[in-house]
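Down below is the structure, laid out as C-alpha cells.
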Amino acid sequence: MSADTNEVLSRRGFLAISAATLGGVMLAPGVRLIEIAAARAPEQPVSRKVRWGLLIDTNKCAPGCDDCVKACATENGLKNTGHPRTDAQWIRKVELKDMRTGRTNSVPVMCQHCEEPPCVDVCPTGASFKRADGIVLVDRHICIGCRYCMMACPYKARSIVFQSISDQNPDVPRGNGCAEGCTLCVHRVDRDQQPACVEACTKAGHNAMIFGDLNDPHSEIAQRVAKYASTQIRADLQLNPGVRYQGL
Amino acid sequence: MADSLIYRELGGPSRRFWSLLALLAVPLALGAVAYFYMEHYGHIVTGMDNQIVWGMPHVFAVFLVVAATGALNIAMAASVFGKPVYRPVAPLSALVSLALLVGGLALLMLDLGRSDRMIVAITQLNPASLFARRVIFYDGYMVSVGVYLWFLLERRMNRYIRPAAIVAFLWQLLLITSTGLEFGFNFRAAYDSVLYAPMFIAFAAAYGTAVLVLILFAVCSWEERPVAEALLRRFKNLLGIAVGASLFFAVLFLSSKYELARSRDVARFLLFDGGVYTALLWLGQLVIGCIVPLALLVRSQFSRSALAAACALVVLGGLAQMYVTLIGGQAYPQILFPGMVETSSFFDGEIHPYTPSLVEVLLGLGGMALAAAIIAVALRALALLPTRLEVPAEPQA
Ligand code: SF4
Ligand code: SF4
C-alpha cells in the first residue's frame with residue numbers, strides 16, 4: 001500500500017469520525033449514523049476521494065492455504081465453537097472448478113465492500129452503512145438483528161452472532177444477535193496498517209492480496225488494476241465491489 | 001347504515017367466552033415462553049444458521065401479513081367497488097385484516113436478533129431502506145384501515161366511508177405489491193422475478209378470503225347468525241377466482257424460471273429434486289392449496305362444508321407455499337461464480353439444510369393465536385357483525 005501523507009491524514013480523519021459516530025449515536029438518538037459518517041471531522045475533511053479496495057491474484061493464491069482466514073479469526077476474535085453452520089465467517093476460501101474446462105481456482109471471498117451495497121439499501125435502521133472511503137460496516141449499537149442484509153447480500157458476506165460471546169477483541173466489538181462481516185480491518189486501516197488477511201498472505205510469501213486506495217493513481221492496487229485484467233464477482237449485478245480478482 | 005341490519009357483539013355466556021380466551025391463551029403463552037427462551041439463549045436455539053437466516057417465524061409472519069392484505073378485499077368490494085352484498089361483512093373484513101397484520105408484525109419483531117432494540121427500529125428508521133418504506137406502508141395501512149373501520153361503525157361518519165375506503169385501498173395495493181417485490185428484487189436465484197408482485201396479490205386474495213370465511217363460520221357456529229346463501233356463494237366464487245389466479249401465477253412463475261437458462265437449475269430444484277421443498281410445492285402449495293380447493297369450489301352444488309374445507313385447505317396450502325418460498329429460496333445456494341462448481345467452509349454451492357426447532361414453531365403459532373385473540377375480543381366488545389347476514393344493506397353504505 002502506498003502511504004503518502006494525504007492518505008495518512010485522511011485515515012486519521014476517519015478515526016476521528018468513528019469516534020464522532022459513537023458520540024453521535026449516544027448524544028443524539030434519532031440522528032442517522034450515515035449522515036454523521038458523511039459529515040466532516042472537526043479538524044479534517046473526510047476524503048471521499050479514497051476508495052479502499054483489495055486486489056486478489058488467484059494465480060498466486062494457493063489451494064488449501066487458509067492463512068488469511070486464520071489471520072482474520074485471530075484479529076477479529078472469531079472463535080470456532082464447533083458449530084460451523086452458526087459460527088461467523090468473515091472470510092472463506094472458495095474452491096472453484098470450471099464445469100466445462102475443469103480449470104480450478106482457489107479464492108478468498110469476504111465482504112466485497114460494494115459501492116452500491118444492497119445490505120445498506122435494505123437495512124431498516126441504518127446500522128449497515130458505507131463509510132466515505134468505501135468501507136461497508138455494521139454499527140453494532142443500532143443493528144436489530146433482522147438479517148435483512150444477509151438476505152440481500154449476493155456474496156454471503158455477512159454472518160449473524162447466534163449466542164453471547166466473551167473474550168472479545170477490544171478493537172472489534174461484536175454482539176449477540178447482531179449482523180457482522182469483514183470490516184477490511186478498519187481499526188487497522190485507521191492506524192495505517194494493512195488488513196490482517198493481507199498481512200498474513202504477504203508474510204507467508206504468497207503475495208496474493210494487495211490492499212490500497214483504488215482512487216489513488218500512484219497506489220500499487222490502482223496501477224495493477226489499470227494494467228492487468230481484473231474481474232468483480234457477479235459484476236452483472238452492477239454493485240461495483242471494491243474487491244477485485246485477477247486470474248479468474 | 002341500513003336499519004334492516006342490526007349489528008351486534010358476539011353473544012353467549014361470559015363463561016363460554018372466557019373459556020375461548022383461555023383456550024387461545026395456551027398457544028399465546030407457549031409463544032411467549034418460546035420468545036423468552038430465544039431471547040435468552042440467542043438464535044442458536046432455532047434451526048436457523050448463517051445460510052438459512054429467516055426461519056419458521058417468518059413463514060408464519062409473512063403468511064399473516066399477506067393474508068391480512070387480502071382479508072380487506074371484501075370490505076373494499078363493498079365500499080370502493082360498490083357491491084352492497086358484502087356490506088354486512090365489511091367491518092369483519094377490516095378487523096380480520098388488522099388482526100392478522102398485528103399478529104404478523106409481532107412475529108417479525110419478536111424474531112429479531114435484538115428484539116430488545118425494537119424501539120431503535122422505529123426511532124432510527126433509515127428512510128432510504130426498502131424495509132423502512134415497508135414500515136411506513138404498515139403504519140399507513142393500519143391507520144387507514146382503522147379509520148375506515150371507525151367510519152363504518154360510527155353512524156355520523158358513514159358518509160365518509162367511500163373516501164376512507166379508497167385511501168385504505170391504495171395502502172393495501174402498496175403494501176401487497178411491496179411484499180411481493182421484496183422477493184422479486186432479491187438477487188437469490190429463487191426470487192429475482194417481478195412476477196412475485198401479481199403472484200402475491202393473488203395469494204393475498206386467496207389466503208385473506210379463506211381466513212375471513214373461516215372466521216365467519218366460526219362466529220356462526222358460536223351463535224345463531226343466519227348467513228344468506230347468496231353471500232356465501234359470492235365468497236365461493238371470489239375464493240375460486242383468487243385460488244385460480246394463484247395457481248395461474250405459480251405455474252407461470254415456475255415455468256418462466258424453468259424456461260430461462262440462467263434460472264433453470266433453481267426451477268429444477270424446486271420442481272423435482274428439492275426433497276421436502278418439492279413435496280411441499282406439489283402436494284402442499286399446488287394440490288392441497290389450489291387444485292383440491294378449486295375442485296371443491298367449482299362444483300355447481302353449493303355446500304357450506306365444502307366451502308369451509310376449501311378455505312382450510314387454502315390456508316394450509318398457503319403455509320406450505322410460504323415455506324417453499326422462504327426456506328426453499330434460501331436453501332438453494334447463492335451462486336457467486338456462474339459456471340463453476342463452488343465448495344467452501346461456508347457451504348458455498350451446497351443445498352442448505354434446515355429443520356425448524358420447536359421454539360420457532362411455537363413462536364409462529366403464538367402469532368396466529370394473537371391474531372385470533374384480537375379478533376375474538378374485538379367481536380365481543382364491538383358490534384361488528386349483523387345478527388342476520390341475510391338482508392343486503394342499502395347500496396353503497
Ligand atoms: S458484499 Fe454484501 S455485505 Fe459487503 S457491501 Fe456488498 S452487499 Fe454489503
Ligand atoms: S441485521 Fe442489522 S445490519 Fe443487517 S439489516 Fe438488520 S439491522 Fe441492518
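The values are calculated or read from the model by the stated rules, or taken from the named source; none is laboratory data. Since this is a predicted model, take the numbers as computed values, not measurements. Glycine also receives a Cβ, built like all others from the backbone with ideal geometry; neighbour counts cover every protein chain displayed. The protein model used for the area step is the full one, side chains on, heavy atoms only, and it has no ligands, DNA or RNA in it. Shrake-Rupley method; radii C 1.70, N 1.55, O 1.52, S 1.80 Å.
Using a 1.4 Å probe on the protein heavy atoms, what percent of the accessible area of the stretch A:32-246 belongs to carbon and sulfur?
Working: 4370 of 8560 Å².
Carbon and sulfur atoms account for 51 percent of the accessible area of the stretch A:32-246.
Accessible area lost on pairing B with A, both sides, 1.4 Å probe, Å² to nearest 100? Show your work: numbers first, answer last.
Working: alone 17960 and 12790 Å², together 25820 Å².
Using a 1.4 Å probe on protein heavy atoms, the buried area is about 4900 Å².
What number, rounded to the nearest 500 deg cm²/dmol, is the helix-based mean residue ellipticity at 222 nm of the protein assembly as shown, given -39500 (n - 2.57) per DSSP H run of at least four residues and division by all its residues?
-15500 deg cm²/dmol
Sort A:104-114, B:258-268 for me by packing, meaning the mean count of neighbouring Cβ atoms within 10 Å per residue, highest on top.
Put in order of decreasing packing, that is A:104-114, B:258-268.
Accessible area per residue of the stretch A:32-246 at 1.4 Å probe, in Å²?
Details: 8560 Å² over 215 residues.
Value returned for the stretch A:32-246: 40 Å² of accessible area per residue.
What is the spin-label model distance, in nm, from B:Ala25 to A:Asn240 if the labels are put 7 Å beyond Cα along the C-beta direction?
6.0 nm
Kindly tabulate the residues in the stretch A:107-126 with an accessible-area decrease of at least 20 Å² between the chain alone and the assembly of all protein chains, using a probe of 1.4 Å.
A:Asp121, A:Val122, A:Pro124, A:Thr125
Please work out how much length the chain gains when fully extended from B:Arg156 to B:Trp18, using 0.36 nm per residue of separation minus the C-alpha to C-alpha distance, in nm with one decimal.
Extra length available between B:Arg156 and B:Trp18 comes to 46.4 nm.
What is the antiparallel percent of DSSP beta bridges lying wholly in the protein assembly as shown, to the nearest 5?
85 percent
What distance in nm lies between label points placed 7 Å from Cα along the C-beta direction at B:Asp116 and A:Thr104?
With each label placed 7 Å out from Cα toward Cβ, I get 4.7 nm.
Report the accessible area of B:Trp171, computed with a 1.4 Å probe over the heavy atoms of all protein chains in place, in Å² rounded to the nearest 10.
Its accessible surface works out to 70 Å², give or take rounding.
In chain B, which helices (entire DSSP H runs) extend 27 Å or more along their own long axis, judged by Cα positions, while averaging at least 0.0 on the Kyte-Doolittle scale?
B:14-41, B:90-110, B:130-153, B:161-184, B:196-222, B:229-259, B:304-323, B:358-381
Over chain B, what percent of the accessible surface lies on carbon and sulfur atoms, probe 1.4 Å? Present the calculation step by step, with values, prior to reporting the outcome.
Working: 10800 of 15490 Å².
Carbon and sulfur together cover 70 percent of it.
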